């Protein structure tokens with residue numbers, strides 16, 4: 001009796017469904033290609049998803065708090081561009097990295113301040129700031145590609161104990177923010193804000209301060225992601241972050257994070273990122289054209305939203 | 001299967017029943033509505049009036065019993081079926097598009113089109129004017145809905161329902177927030193409608209209004225039909241007694257709290273323009289002060305101003321000699337206040353989150369440092385669950401799945417964990433069953449025994465009479481009277497509300 005109840009609860013848990021989907025997917029694809037389930041390929045997948053995975057962590061915190069951010073792609077572009085241009089102009093790597101990272105944090109703090117003070121809809125505000133940050137990125141780069149000329153390889157192109165550094169950063173960021181959400185008062189307030197902002201206000205929670213903090217966390221993860229990205233690519237252009245905003249939102253939603261806020265976990269969002277990474281990797285291995293990969297990605301997102309909506313309606 | 005229907009009956013229910021988790025909201029009700037009559041349904045909050053409307057309009061499906069519309073029997077009505085058989089319902093809330101004109105609103109979904117299938121505005125406005133003219137109403141059909149006064153919007157809403165040519169019109173608290181003059185205008189319209197042969201089912205808790213227009217009056221109490229009278233066979237006192245059902249409701253007895261001699265909470269002339277005129281009162285430790293008054297009297301506004309949800313323009317609040325006028329809820333909480341809001345689902349609870357988070361999220365500021373302390377949290381929540389006897393599977397159950405009474409206890413637990421001195425309860429027992437009500441009354445009483453200050457806002461007069469040592473009465477956004485000691489009775493409070501209404505009208 002209790003066991004069947006527990007089982008039913010598990011089957012309604014989107015993280016668990018996602019985990020089963022992942023396992024099934026891996027079994028099917030590895031029977032189609034012997035390349036797929038090899039250690040080197042899996043590490044390869046993890047390396048490919050590192051940047052979007054780090055961004056998704058911050059995006060998840062934002063969505064959990066009832067917010068949304070579609071400017072993060074251009075924030076990545078701006079942040080990476082600043083670092084590359086400074087290195088190209090002879091600045092020290094440390095200074096350039098700190099500056100690029102700081103730009104990302106500041107951009108997101110600006111988002112947070114505008115959204116929390118004006119109480120406007122986050123998607124519209126960040127639609128505006130997306131354009132602003134894109135403009136700055138174009139101004140900084142002047143429209144050219146800026147090469148790092150071999151500098152700053154550690155974060156994107158090196159290994160520690162045979163594991164690529166981007167993968168280590170990905171794992172570390174996930175664990176840190178997981179702990180933050182679970183054990184800190186701030187983490188609890190993130191969920192409270194997203195679950196019912198009115199109740200949060202009536203119960204004396206500082207809405208503005210906590211929202212700004214949410215976007216600050218998002219800025220920190222975006223800054224880290226931008227540094228990993230520019231180091232791995234070895235150069236920067238003004239549009240290098242385009243698309244990350246949608247992929248990170250998609251990954252979070254696939255991972256069971258409610259777009260309404262207040263529900264979801266870092267683990268779920270991480271599995272969402274992994275599933276998206278495995279799908280595009282598998283389609284590559286199976287020589288499926290990239291235009292069809294877009295179709296597949298879209299199908300997965302729509303299915304995930306349908307499953308999670310059906311799950312919450314049943315409640 | 002059509003049965004023998006008495007002549008002139010257009011709508012009838014038999015044994016109609018509906019339960020919600022933990023509450024029998026509507027119990028075995030027989031009712032009939034005759035052609036062309038105005039039949040009023042009255043009762044207190046929670047008596048089952050809204051449930052009744054929703055059952056008749058098909059929004060809710062009854063658990064048992066049936067509805068006859070004309071000769072046709074329905075055990076499962078839908079909104080569509082109900083409308084097809086000539087029933088139109090106008091709800092309390094304005095359901096019109098603010099940016100559309102009166103004519104456009106009247107014909108939403110039913111637009112007047114010309115030969116090309118395009119909307120013929122000239123013709124539509126002409127028909128709108130005719131429709132309004134039928135009831136001698138002068139409202140500009142080209143005016144945007146948001147330019148109209150609330151009463152005009154309500155009228156447009158009623159005329160819209162009439163444009164479907166119904167046999168039966170159901171009006172839900174049509175006059176809830178209007179002035180006396182506006183109410184008269186609306187009541188005249190209702191009488192005009194019935195003269196034209198439409199049967200009107202009029203739901204209200206304004207007793208005077210009901211007595212002035214009704215042909216017959218049905219009284220609901222706790223989901224039961226407790227009486228049906230022809231207008232000429234009942235007096236205002238008789239009707240009040242029937243609505244309150246005093247003898248049946250005396251299930252809770254006031255315990256004698258020790259009330260401190262000197263008042264410690266002083267509210268001085270607190271006011272906000274357009275919301276509340278200057279209100280002053282004082283309360284002592286151990287005192288339970290009731291705040292009574294009709295809907296729109298400013299009771300909830302007073303609570304919101306005291307708690308800092310609205311910023312007062314004037315006035316001050318002090319407690320034990322220290323000024324605690326709050327500009328945000330956070331300030332109010334830190335000076336020892338708490339507010340149980342009128343609608344726990346909207347601004348009290350995190351319905352999709354687990355119970356323990358709901359209990360502790362208002363008190364996170366009380367501990368030092370950035371950490372939650374999960375283990376202490378869990379044991380504190382468990383002890384509160386036991387203390388308040390919250391029925392749940394465990395401390396991680398999602399709050400939305402609890403019954404209304406248990407949800408209300410979770411809100412109480414949330415504030416208890418903050419250990420406040422001043423409790424403001426806005427309609428603390430709305431939508432919860434009798435058992436849970438008694439438990440909440442016992443908690444209120446226990447708090448008073450501990451020397452806390454309690455302000456109880458309620459439309460439930462027996463509740464106020466049972467709980468409070470003193471009651472202040474509000475009307476038209478100001479304080480109009482006070483009852484203390486043995487004068488605190490249901491009839492006493494109601495008389496004050498009605499009398500003050502009369503004075504306000506002559507003033």
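The values are calculated or read from the model by the stated rules, or taken from the named source; none is laboratory data. Note that this is a predicted model, so its numbers are computed, not measured. Positions of Cβ are generated from backbone atoms using ideal geometry, with glycine treated the same way; all protein chains shown enter the neighbour counts.
Please verify whether the range B:291-303 includes one or more residues that are within 22 Å of residue A:197 (Cα to Cα), in a loop (DSSP other than H, G, I, E, B), within 14 Å of chain A (Cβ to nearest Cβ) and within 26 Å of the chain's Cα centre (by Cα). Taking every residue of the range B:291-303 in turn, none turns out to be within 22 Å of residue A:197 (Cα to Cα), in a loop (DSSP other than H, G, I, E, B), within 14 Å of chain A (Cβ to nearest Cβ) and within 26 Å of the chain's Cα centre (by Cα). Across the range B:72-119, the number of residues qualifying as closer than 22 Å to residue B:149 by Cβ and surrounded by 12 or more Cβ atoms within 10 Å (Cβ to Cβ) comes to 17. For the range B:415-440, the set of residues classified as within 29 Å of residue B:223 (Cβ to Cβ) and assigned to a helix (DSSP H, G or I) consists of B:434, B:435, B:436, B:437, B:438, B:439, B:440, listed by residue number.
State yes or no: is residue A:10 at pLDDT 85 or above and part of a helix (DSSP H, G or I)? No: the conditions fail for residue A:10.
Yes/no matrix, rows are residues, columns are (1) crowded, with 19+ Cβ neighbours inside 10 Å; (2) within 14 Å of another protein chain (Cβ to nearest Cβ):
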| residue | (1), (2) |
| --- | --- |
| A:130 | yes, no |
| A:135 | no, no |
| A:138 | no, no |
| A:150 | no, no |
| A:158 | no, no |
| A:169 | yes, no |
| A:198 | no, yes |
| A:206 | no, yes |
| A:221 | yes, no |
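Scan the range B:323-338 and tell me whether some residue there is away from chain A (no Cβ under 13 Å), closer than 17 Å to residue B:472 by Cα, part of a loop (DSSP other than H, G, I, E, B) and touching a helix residue (DSSP H, G or I) at 6+ places or on another chain (Cβ under 8 Å). Among the residues of the range B:323-338, not one is away from chain A (no Cβ under 13 Å), closer than 17 Å to residue B:472 by Cα, part of a loop (DSSP other than H, G, I, E, B) and touching a helix residue (DSSP H, G or I) at 6+ places or on another chain (Cβ under 8 Å), which makes the answer no. Scan the range A:123-159 for residues that are in a strand (DSSP E or B) and either touching a helix residue (DSSP H, G or I) at 6+ places or on another chain (Cβ under 6 Å) or closer than 24 Å to residue A:108 by Cα (or both) and the total you get is 1. Picking from residues in the range B:304-319 that are away from chain A (no Cβ under 14 Å) and assigned to a loop (DSSP other than H, G, I, E, B), the one that is surrounded by the fewest Cβ atoms within 10 Å (Cβ to Cβ) is B:313.
Any chance the range B:150-160 includes a residue that's within 22 Å of the chain's Cα centre (by Cα) and part of a strand (DSSP E or B)? Among the residues of the range B:150-160, not one is within 22 Å of the chain's Cα centre (by Cα) and part of a strand (DSSP E or B), which makes the answer no. Filtered by the rule that a residue be in contact with a strand residue (DSSP E or B) (Cβ under 8 Å, 6 or more places away or on another chain) and within 13 Å of another protein chain (Cβ to nearest Cβ), the range B:363-399 gives B:370, B:371, B:372, B:396, B:397, B:398, B:399. Exactly one residue out of B:161, B:128, B:214 is more than 21 Å from residue B:38 (Cα to Cα) and either touching a helix residue (DSSP H, G or I) at 6+ places or on another chain (Cβ under 6 Å) or in contact (Cβ under 8 Å) with a residue 60 or more places away in the chain (or both): that is B:128. Of the residues making up the range A:254-270, those that are part of a helix (DSSP H, G or I) and surrounded by 23 or more Cβ atoms within 10 Å (Cβ to Cβ) are A:254, A:266, A:268, A:269, A:270.
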